[in-house]
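The next block holds one structure in the form of structure tokens; read it before the comments.
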Amino acid sequence: CPQTPNPLNPGAFITCTASYAVTQADINAGQVVNVASASALYGTTPVQSNVDSVTVPAVQTPALTLDKTTTTANFDAVGDTISYSYKVTNSGNVPLTPPYAVADDKTTVTCPQTPNPLNPGAFITCTATYTVTQADINAGSVVNVAQASALYGQTPVISNEDSVTVPAVQTPAITLDKTTTTVNYDAVGDIISYSYKVTNSGNVPLTPPYAVADDKTTVTCPQTPNPLNPGAFITCTASYIVTQNDLDTGQVVNVAQASAMYGQTPVQSNEDTVTVPALQGPALTLEKSTTTA
């Protein structure tokens, strides 16, 4: 308060000023109400004014912010686990209370229920895990969306939505295992029967055409199932007719390689060979005769 004029004549006034620093309790209360009373002297006698009050309302803004993260860089197999962390922060200006929760479209999230209340600027960390499926590998990633919640009084407070994408490592692959039940051969025209086990040894489905290229014969492959899922296999077959050259060489060695498709990309297997030995039987027959009677 200024101390002039002196005296303060009837009808005259002075203007006093003050400021007040708002506390968290004031925001929580919803307003600041303060009461004031003025005083002066008449001679040596104190003179008191009426009591006057002013109420300044608070703008209460309950709010939550969600920040979802993962330390899992990628995945490549069914059963892999993705670990998630959810930082739930009171980004408003009033305390919030439990239940604290995070709704995630892919998994169930566990949240601590303390502290209570959750004061402005404070946060809790919720956690969850997710188990990878074949569909996730096929899709190429796991994308999930989460949203946090708490209460302000009886009013639910909902956070922003946050999502995390974890990519799949897709590894299309095919493995060929070529076998025969023919132990050996010993004559032109003998037949060697071959079997080709073609296995999807990758982590994504493959599609037809399924084929085996063999340097000695034509191979027949089924075109179902479609797709050929990881771990599944088909069996292709072929036969080969022995020639004189095969008998002379002493064995039939042939090389084969399987193929299928991953989308528009051809997938080639390992090469596999089978060797069937010849039973070589060198022999001479003599027939002696004469024309002399």
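The values are calculated or read from the model by the stated rules, or taken from the named source; none is laboratory data. If you're wondering where the values come from, they're calculated on a predicted model, not measured in any experiment. Counting neighbours? That spans all protein chains shown, and the Cβs are built from the backbone with ideal geometry, glycine included. All accessible areas refer to the heavy atoms of the entire protein, side chains included, with ligands and DNA or RNA removed. Shrake-Rupley method; radii C 1.70, N 1.55, O 1.52, S 1.80 Å.
Taking Val102 as the residue in question, decide whether it is of a type in the set (A, V, I, L, M), open to solvent by 10 Å² or more (accessible area, probe 1.4 Å), closer than 16 Å to Pro156 by Cβ and under 18 Å from the mean Cα position of the chain (by Cα).
Working: of a type in the set (A, V, I, L, M): yes; open to solvent by 10 Å² or more (accessible area, probe 1.4 Å): yes; closer than 16 Å to Pro156 by Cβ: yes; under 18 Å from the mean Cα position of the chain (by Cα): yes.
Here the answer is yes, as Val102 does meet what is asked.
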Scanning the range 129-155 residue by residue, those open to solvent by 60 Å² or more (accessible area, probe 1.4 Å) and part of a strand (DSSP E or B) turn out to be Thr129, Thr131, Val143, Gln147, Tyr152, Thr155
Taking the options Lys216, Lys178, name whichever one is under 30 Å from Thr249 (Cα atoms), of a type in the set (Lys, Arg) and within 43 Å of the chain's Cα centre (by Cα).
Lys178
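Could you list all residues from the range 169-187 that are open to solvent by less than 20 Å² (accessible area, probe 1.4 Å) and more than 30 Å from Gln244 (Cβ to Cβ)?
Matches in the range 169-187: Ile174 only.
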Would you confirm whether any residue within the range 187-205 is free of Cβ contacts under 8 Å to residues at least 60 places away in the same chain, over 30 Å from Ala168 (Cα atoms), in a loop (DSSP other than H, G, I, E, B) and among the polar types (S, T, N, Q)?
no
Quick count over the range 105-120, residues being open to solvent by less than 60 Å² (accessible area, probe 1.4 Å) and part of a loop (DSSP other than H, G, I, E, B), is 6
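Are there strands (runs of 3 or more DSSP E) fully within the range 227-277 with at least 2 residues that are within 36 Å of the chain's Cα centre (by Cα) and without any contact (Cβ under 8 Å) to a residue 40 or more places away in the chain? List them.
It comes to 233-241.
Kindly establish whether Thr23 is surrounded by fewer than 16 Cβ atoms within 10 Å (Cβ to Cβ) and under 25 Å from Gln154 (Cα atoms).
In short, yes.
In the set Pro117, Pro57, which member is touching a strand residue (DSSP E or B) at 6+ places or on another chain (Cβ under 6 Å) and farther than 29 Å from Asn144 by Cα? Reasoning before the result, please.
Details: Pro117 fails: farther than 29 Å from Asn144 by Cα.
The unique qualifying residue is Pro57.
Select from the range 1-45 the residues that are among the polar types (S, T, N, Q) and part of a helix (DSSP H, G or I) and list them in ascending order. Reasoning before the result, please.
Of all residues in the range 1-45, those among the polar types (S, T, N, Q) come to 3-4, 6, 9, 15, 17, 19, 23-24, 28, 31, 34, 37, 39, 44-45.
Listed by number, the residues that qualify are Gln24, Asn28.
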Please state which of the following conditions Ala213 fails to meet, knowing it meets all the rest: (1) farther than 22 Å from Thr181 by Cβ; (2) open to solvent by 40 Å² or more (accessible area, probe 1.4 Å).
(1)
